[in-house]
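Please treat every number below as a calculation from the coordinates, not as lab data. What you are looking at is a predicted structure, and each value in this text was computed from that prediction instead of being measured. In this analysis, Cβ positions are derived from the backbone assuming ideal geometry, glycine residues included, and neighbour counts consider all displayed protein chains.
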Amino acid sequence: MSIGRGVFRGHWITLRRFLLTFARDVRDGLALRRRGGGPLPVDLFRGPAPGQERVVVQDERTDGLFTVEYPDERLPVYERFRMLPVLIYDDEDGNVRCTSCNICAKVCPPQCIWMVQAKSPKGTVVPLSEEFFIDMDVCMNCGLCAEYCPFDAIKMDHNFELANAERHQTHVFDQRDLLVSSAYYAQTHPEAWASPEETTERAKVARKKDQRLRKALGARTGA
């Protein structure tokens with residue numbers, strides 16, 4: 001008898017979750033909306049507009065199906081989530097913080113970062129990066145480059161939708177692909193941006209910035 005009751009109870013739990021899924025959709029106004037599948041040639045239901053996808057939070061209070069119907073539904077992206085590294089430039093003056101010191105490339109475990117340091121017409125080294133590359137197919141998203149960067153120039157981004165049909169050229173990000181503004185980072189990482197550690201680091205970088213730019217400009221104009 002106990003075995004029979006266990007089988008019946010398992011089926012009832014499955015049926016209850018199935019019915020609660022429809023009840024939740026009716027309650028949330030999603031009964032006539034398509035869930036899952038992405039863009040379709042013929043769509044009988046209303047799909048979400050780009051950027052208006054429903055964010056699904058799954059916790060112990062969630063009833064019904066636990067499947068997130070990506071891309072029509074999405075899980076929340078939390079601040080500590082990390083994907084590919086990006087290079088920060090300051091909104092105030094457009095200064096790119098990277099000095100091409102090569103520390104990030106040295107600490108990178110899979111060796112997916114490489115760069116070319118800028119030089120003046122005289123051939124002297126300038127503390128700026130002329131070229132900067134990251135192979136996203138090799139990057140393991142560990143964040144060591146951001147942790148070791150002495151100029152707070154590298155941060156970890158949230159953008160994970162990077163797949164395409166070509167993997168030999170478009171998956172190698174150059175400096176133009178990697179540059180994001182400090183305002184963008186402040187928007188995606190508000191807690192980290194306002195933390196005492198980040199504030200102290202920004203002040204330290206700002207003190208060094210003017211000296212570095214004067215050196216770079218002096219090398220260029222002195223040719």
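Overall form of region 85-221: oblate. Here a/c, set by the Cα gyration tensor axes a ≥ b ≥ c, is 1.5 or more, and a/b is not larger than b/c. For a paramagnetic label modelled on Arg82 (point 7 Å from Cα along Cα→Cβ), amide N atoms under 20 Å away belong, within region 108-133, to 108-115, 133. Taking amide H positions as modeled 1.01 Å from N, with prolines and chain starts lacking one, the residues under 5 Å from Lys119 and 5 or more places away or on another chain are Val126. In this simple spin-label approximation, Thr170 and Lys204 carry label points 7 Å from Cα along the Cα→Cβ vector, and these lie 4.0 nm apart. Highest mean packing comes first when the peptides 109-119, 159-169 are listed by Cβ atoms within 10 Å, giving 109-119, 159-169.
Which angle from 0 to 90°, rounded to the nearest 10, does the C-alpha axis of helix 196-221 make with the longest principal axis of the chain? The angle comes out near 40 degrees. Taking the helices alone, the chain has a mean residue ellipticity at 222 nm of -10500 deg cm²/dmol, built from -39,500 (n - 2.57) per DSSP H run of at least 4 residues and averaged over all its residues.
Suppose we keep just the DSSP beta bridges with both residues in the chain; what percent of those would be antiparallel, to 5? Don't skip to the answer; put the middle values down first.
Numbers: 12 of 18 bridges.
Bridges in the chain are about 65 percent antiparallel.
Between region 184-202 and region 107-178, the C-alpha centres lie 21 angstrom from each other. Helix 2-27 axis versus longest C-alpha principal axis of the chain: approximately 60°, rounded to the nearest ten.
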